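S.K.: There's a structure below that I have some questions on.
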Amino acid sequence: MNVAAAKSQSMQSSGTVSSFKAKQPGQSEFMQLLAAELRNQDPMQPTSDKEFIAQLAQFNVLDQLQQLNATMDAMAGLSLLSQGAALVGKWVEISPNSSAGITEGQVTEVSFKGTGLRLKVGGKTVTLGDIVGIKTTSTSS
């Protein structure tokens, strides 16, 4: 098997070497690499069936892990949103940074932006990590 020729073929089909490295390989790239490997293999020493099956099994496992990772990311986001929704209407103590004291306010809104949960407390947007206490009623009333 001529791996250098297979890599070269795969890089030529995607444009440049840098785009080959920058792009995360997927099913299409794997199939291109496999086709290039078949075109460039030595007819006197073809790759065994066992090796192809092992490569396909590894690719299948990788594909399943990527799908599992995407599902887990979605579930983590939903879990955070659910935690935030449980805080709506509750009074929380927040400490956005160590120099400011702890303030109190009621959670009125929850949103999920990027990788973090954002809560609207007393007109200010804070993160879940800024909350240091949770109450059912205000201590100032």
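S.K.: Return only the number of the condition from (1) touching a helix residue (DSSP H, G or I) at 6+ places or on another chain (Cβ under 9 Å); (2) part of a loop (DSSP other than H, G, I, E, B) that SER138 does not satisfy.
M.R.: Result: SER138 fails condition (1) only.
S.K.: Going through the range 124-135 one residue at a time, which ones are under 14 Å from ALA85 (Cα atoms) and outside any strand (DSSP E or B)?
M.R.: LEU128
Since every read-out is calculated from the coordinates, none of them should be taken as a lab result. In this text, all values refer to a predicted model and were calculated from it rather than measured experimentally. Cβ: placed from backbone, ideal geometry, glycine included. Neighbour counts: every protein chain shown.
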